[in-house]
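Enquirer: What follows is a structure written as structure tokens; I'll ask about it next.
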Amino acid sequence: MVVMSRLSVIIGSVFICLAAISCNHGRPLPASAHIDSLVVIKHDRLLCAYEKGRLLKQYKIALGRHPVGDKHFEGDMCTPEGLYFINAKNAQS
């Protein structure tokens, strides 16, 4: 259950960040874009969206106070690390 909770937090954060601030000067993704990979570069506080290995867009993101390093316990102000799969999208997001 802890893994699902962490996954939910990460996925929720990713979609909030995607909806928030873009560092590509507000340029929207093309309608034909199919994001198949998201990579978070914690030390730069960036989320990168890729399609078939090609960078489509970068977003500035907010992370915990100590973004580098794995999360050890709730409230440690760290951001979880790991490989996660997004298998659904909130249509209202």
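Enquirer: Roughly speaking, what is the stretch gain from ILE86 to GLU51, that is 0.36 nm per residue apart minus the C-alpha to C-alpha distance, in nm to one decimal? It would help to have the intermediate numbers written out before the result.
Expert: Working: separation 35, 0.36 × 35 = 12.60 nm, distance 1.43 nm.
Roughly 11.2 nm would be gained on extension.
Enquirer: Now a separate question. Quick check: residue separation of ALA31 and ARG65 times 0.36 nm, minus the Cα distance between them. What number comes out in nm? Spell out each step's value before the answer.
Expert: Numbers: separation 34, 0.36 × 34 = 12.24 nm, distance 3.47 nm.
Here the answer is 8.8 nm.
Coordinate-derived values only; no laboratory data. Quick caveat: nothing in here was measured; it's all calculated off a predicted structure.
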